[in-house]
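The next block holds one structure in the form of structure tokens; read it before the comments.
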Amino acid sequence: MLTIKSRVAYGAGGAVYAIKEAAYTMFVLLFYTQVLGLNGTMTGIVISLSLVWDGISDPLAGTLSDRLRSRFGRRHPFMLASILPMGLGFIGLFSPPTTVTASTPMLAGWLLFWSLWVRTFITTFTIPHLALSAEITRDYHERSQILGARLAFLFLFSVLIPAVALLLVFTGEGGSDGRFERDNYPLYGALSCAAVWLMAGITTVGTRRHIRSSLDIAGAPANRGTLRNLTLDIRRTLANSSFRLVLGYEIANMVAYGTVATLNMLVWTYYWEFSTREVSIILSVPSLLAVALVMMTLTPLSRRFEKFQLMQLSVAGIILNCLWLYPLRMLDLLPPNGTAVIFALNFLFMLIFMYCFLLRAIQTQSIIADITDEHEFEHELKQEGGFFAAANFVNKFASIFGPVYGGVVLDVIGLTGDMRPGNVPAPVLDGLAWAFGLGTLPGFVIALLLVLRLDLTRARVEDLQRRNRERESARRRA
């Protein structure tokens, strides 16, 4: 049985991905468009180009990790090698020199280069770290627990880093909004760098007891990672019908979530007119409470429902939660901005959303680990990295929609860099609200329709694991 220490050590690695997501969802679009003056559509396109490479690099990292032969195992060498460069990438991303910012092409190139840098090394850390979960334990419930720990750290740091930054880094002088002051952003890059180094180091060192030599591991792919082997690995993973449903479900979810993540800072700043202090609270506290609630309810819910059933219930909850707050504001049924009621309702909205989304994410990654057992039985191959890489690939490919959509929205509705909260024309605010709704609800509805077709039960998984163990024992006796 895994100890709490092991779950925490593994889970700490989730913070690495969260710090990158926090940077891109909360500050990169705002920094490069509203502070540095880069065109919104161009910024969205540049970020999306980096996401395309990010998605391509996922299966490459997965297959290379699956096929690595080392006495330090298949995962830890990649994790260790990624720590230093991925931290430095955040410093570069948020510290463009004056000569670069004076030229639109140079600024776009700077954003592209450092986005590619950050995303590449985050990938070479994250994919092996995810695949490690299926190696640490094969227990049906323990998989949910360790992946729950990872996602708890992921969600905590995705709000903790921006919240700390809003309180301590983006502090304006003389009542000004620090989010619009260029000199604050290099410090945010340094904060992200330090946090990445710390959390990546904790999980790499803390999981070292789970290192298993891969010089002679039964069931691992025997050949080196080539383009032909990469293509073959992808074809094998996509042949699994359960996995195809999960991929479609994840694409729909992440298209919708990408919109939420991209537009959240804009709607909080302009539509609801929250201060930096209020944004830091509404960004962090509901998420912290949601993580605590999920950790408290995960075990009883997991024993009461199958994983695919929890995926269905959580997406249904997200959809219902999207149908009340913004429609009430658009129908003038809410008090004016600046009142305690407005803050409380947004707080409740975020709490419900984060609880459902975190519960959904845990069950999704846990069921992918279960699908690797099905794949091992069908093909006699251990390809955990390939499955998690494919899932990450579609997640990132789907999240391209968010930055592109957000950049286009800024240009279409006419939200320009010289506008400040409280002085934005009503049609622009209405356009922002409509853009928020139209970019989210369709994706979540499609995700629900897809997950209703999924049926991989605990009994099936445990039977597959038993048969895999029996076959491996027979191979060793022979």
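List of remarks:
- Among residues of the range 376-394, those that are crowded, with 23+ Cβ neighbours inside 10 Å and either of a type outside the set (A, V, I, L, M) or more than 14 Å from residue 238 (Cα to Cα) (or both), counted: 9
- Among the residues of the range 103-138, those identified as surrounded by fewer than 19 Cβ atoms within 10 Å (Cβ to Cβ) and without any contact (Cβ under 8 Å) to a residue 60 or more places away in the chain are 103, 105, 106, 109, 113, 117.
- Matching entry among 432, 464, 456 (being touching a residue at least 24 places away in the same chain (Cβ under 8 Å) and either open to solvent by 30 Å² or more (accessible area, probe 1.4 Å) or not in a helix (DSSP H, G or I) (or both)): 456
- Here 371, 367, 352, 362 are screened, and the one residue that is closer than 30 Å to residue 275 by Cβ and of a type outside the set (Lys, Arg) is 352.
- Tally, over the range 49-82, of residues that are buried (at least 20 other Cβ atoms within 10 Å of the Cβ) and part of a helix (DSSP H, G or I): 18
- When residues in the range 311-367 are screened for being exposed (fewer than 13 other Cβ atoms within 10 Å of the Cβ), of a type outside the set (S, T, N, Q) and over 19 Å from residue 441 (Cβ atoms), 7 of them pass.
The values are calculated or read from the model by the stated rules, or taken from the named source; none is laboratory data. Computed from a predicted model, the values in this text were never measured in an experiment. Note that each Cβ is placed from the backbone with ideal geometry, even for glycine, and that neighbours are counted across all protein chains shown. In case anyone asks, the SASA skips ligands and DNA or RNA and just uses the protein heavy atoms, side chains included. Shrake-Rupley method; radii C 1.70, N 1.55, O 1.52, S 1.80 Å.
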